[in-house]
1. Write down the Å³ per residue value for the convex hull defined by the alpha carbon atoms of the range B:13-136.
2. Using just the alpha carbons, could you tell me how many Å³ per residue the convex hull of chain B encloses?
3. With Cβ to Cβ distances under 14 Å as the rule, what net charge do the other residues near B:Lys445 carry (K, R +1; D, E -1)?
4. Among B:Lys377/B:Lys441; B:Lys310/B:Lys377; B:Lys310/B:Lys448; B:Lys377/B:Lys448; B:Lys397/B:Lys441, which pairs are too far apart, with a Cα-Cα distance over 22 Å?
5. Output the antiparallel fraction of DSSP beta bridges having both residues in chain B, as a percent to the nearest 5.
6. Could you work out the relative contact order of chain B? I mean the mean sequence separation of Cα pairs under 8 Å and 6+ apart, divided by the number of residues, in percent.
7. Dividing the alpha-carbon radius of gyration of the range B:161-221 by 2.2 N^0.38 Å (N being the number of residues), what value is obtained?
8. Hey, what number do you get for chain B at 222 nm if only DSSP H runs of n ≥ 4 count, each worth -39500 (n - 2.57), divided across all residues, to the nearest 500?
Amino acid sequence: MELLDPTSEISPERRIRRAPPDKIAGLTVGLLDISKPRGNIFLDRIEQRLGEEGVAVKRYKKPTFTRPAPNDLVQKIASEVDLVIEGLAD
Amino acid sequence: MTVSISPTGITDGLVLVAKRDCQTCELVQPVMRELARGARPLAIYSQDDPEFPEGVAGVRDDRALEVSFRLGIETVPTLIRLEGGREVERVVGWQRDEWRALTGVNSLGEGLPEWRPGCGSKSVEPGIIDELEIKYGDVAFKSRRIEIDPHEDEIEAMYSRGWSDGLPLVPPTRLRVHRMLKGTNRQPSEVLGLLPPDLQPVTIEKVAVNAVMAGCAPEYMPVVIAAVEAVLLEPFNMHGVLATTMFCAPILIVNGPVARAIGMNARGNALGQGNRANATIGRAVQLCVRNVGGGRPQGVDRSTLGTPGKYTFCFAEDEEHSFWEPLSVERGFARGTSTVTVFAGDAVHGIVDQQSRTPESLARSFALSLRSVSHYKLAQGADAILVVCPEHERTFKAAGWTKARLRQELDGLLQLPAEEVVRGAGGIAEGVPAAALGDRKTIPKFRKDGLLIVRAGGDAGMFSAVIAGWGASGAIGSTPVTHVIKV
């Protein structure tokens with residue numbers, strides 16, 4: 001379906017992505033395990049590397065990779081961290 | 001009309017447009033067969049059935065009605081002669097002599113009646129013409145097109161883009177906006193002004209898009225346009241009305257014949273829900289302010305509490321059953337002129353007076369409620385609207401009180417004693433500063449012309465209402481504006 005824009009069109013049609021921070025030291029990073037096999041091993045290594053950079057890390061896990069993360073997990077993550085790294089593939 | 005070669009592909013020859021569902025077209029099938037057998041190139045377009053006319057090969061399928069639209073067919077059968085790619089003549093309906101003259105076939109239609117009127121072309125059936133104009137016409141919109149994925153819910157998509165006031169919107173498709181624009185003769189590209197707070201140009205087209213979303217019918221467009229023009233006028237101060245921490249919304253009061261013509265409600269529940277015109281006209285203006293002007297709550301709109309009137313607050317004055325002159329006439333417009341008055345106002349405050357039988361007693365009830373506008377101890381701040389219901393107006397009518405007489409009485413009753421309203425009086429810090437009072441013993445509650453009186457409501461119930469205005473009125477705030485509705 002095609003709609004006509006009711007606005008003054010001073011904003012881009014698509015929402016622009018937020019600019020990433022220029023440094024991560026001092027931020028809290030969430031690591032989201034989507035429950036793919038050995039994803040945790042990869043994220044363990046990331047956590048170690050981040051720890052060496054002085055970055056606080058929180059770990060999270062999605063119940064299954066076949067569905068989007070449940071709302072309460074998303075809300076929890078959003079309220080606790082500044083950035084998220086998600087282990088997406090196998 | 002001159003038509004180019006492109007729709008039919010015929011340079012020199014005949015074009016015939018017909019449909020099966022037409023007794024005249026049925027009648028002249030033999031004529032069509034005879035012409036098809038003839039030497040001259042002939043294209044027959046069938047609007048509803050490519051098997052009609054029967055016994056003719058190569059009938060062209062115009063069920064999409066594109067050729068009928070491009071040729072401007074209003075009646076079937078229509079016979080057109082083309083020369084050099086241009087139309088030179090056409091006959092509408094069956095008229096034997098004219099068909100013979102156009103085709104040069106002097107035996108055409110022998111044995112048939114001399115003439116029969118045609119039937120309506122499918123391309124001009126109600127509702128269809130708008131769709132064809134969008135599909136095949138050169139309807140051009142300036143507004144950006146927003147693509148909604150086929151698997152995305154368009155209602156959700158509009159919410160996620162922030163276009164909504166909280167309630168669902170009607171999706172502004174090109175077809176709907178095209179139909180909405182037919183409600184006005186104004187050009188879509190016309191700029192009404194720069195809408196606060198972003199001071200962006202608001203065009204007739206943008207008004208139409210937002211009017212579609214609000215749920216307006218095309219016939220409401222003149223009122224919506226007039227209301228947007230009115231809020232753009234400097235004395236109304238739309239920016240201030242939007243940005244304030246106070247409550248107000250632009251309240252629209254419609255006078256004149258247009259109210260009845262479009263079915264507005266001036267009677268029972270006039271200030272409430274249930275009437276499409278009342279509901280959507282006010283909403284359209286607010287959506288323009290939100291979407292074109294960029295004014296949103298907790299954005300430039302800093303209202304502490306707001307009011308439900310910010311969804312929509314629009315009604316018509318009941319002129320027909322009132323013995324008073326309408327608001328528009330009071331404000332200098334001729335009776336019979338349609339106007340919209342925009343007023344920066346809050347919510348409805350009811351006046352329950354079921355006991356007064358004299359105008360004096362009832363006026364005192366009104367004055368008590370009017371006194372509480374903004375704050376019982378404030379004066380010369382807000383304007384107000386007094387909405388007088390039928391059963392209350394009856395009391396004034398019985399005593400022969402004109403609106404002016406009531407006004408005069410209220411002016412007297414609303415001279416507030418300085419010692420009551422001054423700051424600190426009654427143990428209340430709020431009030432009129434002593435310096436502002438000076439030596440005066442009294443101070444009028446309202447500034448000159450600050451009180452509007454209108455008549456509305458259902459027959460039963462002794463319940464009038466006060467609608468308080470924005471705490472900043474007149475030159476320092478907002479002044480009510482009455483604007484002519486050009487239909």
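Every number here is computed from the coordinates shown, using simple stated rules; none is lab data. As the structure is a prediction and not an experimental result, all values here were calculated from the model. Here the Cβ positions follow ideal geometry from the backbone for every residue, glycine too, while neighbour counts run over all protein chains shown.
1. Considering the Cα atoms of the range B:13-136, their hull volume per residue is 96 Å³.
2. 188 Å³
3. Residues near B:Lys445 contribute +2 overall.
4. Long pairs (Cα-Cα over 22 Å): B:Lys310/B:Lys377; B:Lys310/B:Lys448; B:Lys397/B:Lys441.
5. 70 percent
6. Over chain B, the number comes to 14 percent.
7. Against the compact-globule rule of thumb, the ratio is 1.11.
8. Taking each H run of at least 4 residues, the total per residue is -8000 deg cm²/dmol.
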